[in-house]
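Below: the structure, in structure tokens.
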Amino acid sequence: MKRTLYAKSSNSDLSYDVVFELKNNNLFIRCDCKAGEFGRLCRHIKAFLYGDISILYDERQEKKFFEVCEWIQQTKCQKYLIELDEIKKQIETLKKKEQAAQRALERRIGEGF
């Protein structure tokens, strides 16, 4: 089964085709934006994977959108999205620690060690 959803472009009134194909319980996704053409995880695919309906260019595709969301739920994709979210949280925590350590070092530079 194959479904094409149209995703909003961030810098124009154009849309990008994001094609979802379900074959033998495997979901294949591609987007015709520049990043997608190189097989990258573009913002359009990512938005659809996270179930972000605001990326949908044509609201008449709502039914297809929800069908594709069900396909995504049936795959291991959720596992990878959860892992990615956890890593992002860890990175944010580390960034905060880095900033705190840098501020402490800056204070010590002025006050002496």
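Being among the polar types (S, T, N, Q) and at pLDDT 95 or above is the filter here; which residues of segment 55-86 pass it?
Scanning segment 55-86 gives a single hit, Gln61.
Can you confirm whether segment 50-63 contains a residue that is in contact with a Leu (Cβ under 6 Å, 6 or more places away or on another chain) and in a helix (DSSP H, G or I)?
yes
What do you reckon, is Asp13 free of Cβ contacts under 8 Å to residues at least 24 places away in the same chain and either surrounded by fewer than 18 Cβ atoms within 10 Å (Cβ to Cβ) or of a type in the set (S, T, N, Q) (or both)?
yes
Which of the residues belonging to segment 27-49 are in a helix (DSSP H, G or I) and closer than 19 Å to Leu14 by Cβ?
Across segment 27-49, the qualifying residues are Lys34, Ala35, Gly36, Glu37, Arg43, His44, Ile45, Lys46, Ala47, Phe48.
Which residues, taken from segment 52-65, are more than 17 Å from the chain's Cα centre (by Cα) and within 18 Å of Val19 (Cβ to Cβ)?
If the condition is that a residue be more than 17 Å from the chain's Cα centre (by Cα) and within 18 Å of Val19 (Cβ to Cβ), then Asp58, Arg60, Gln61, Glu62, Lys63, Lys64 are the ones that fit.
Residue-by-condition table, conditions (1) under 21 Å from Asp85 (Cβ atoms); (2) loosely packed, with under 15 Cβ neighbours inside 10 Å:
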position	(1), (2)
Met1	no, yes
Lys8	no, no
Lys23	no, yes
Gly39	no, yes
Ser54	yes, yes
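The values are calculated or read from the model by the stated rules, or taken from the named source; none is laboratory data. Computed from a prediction, not measured in an experiment: that's the story for all the values here. Reconstructed Cβ throughout: ideal geometry from the backbone, glycine too, with neighbour counts over all protein chains shown.
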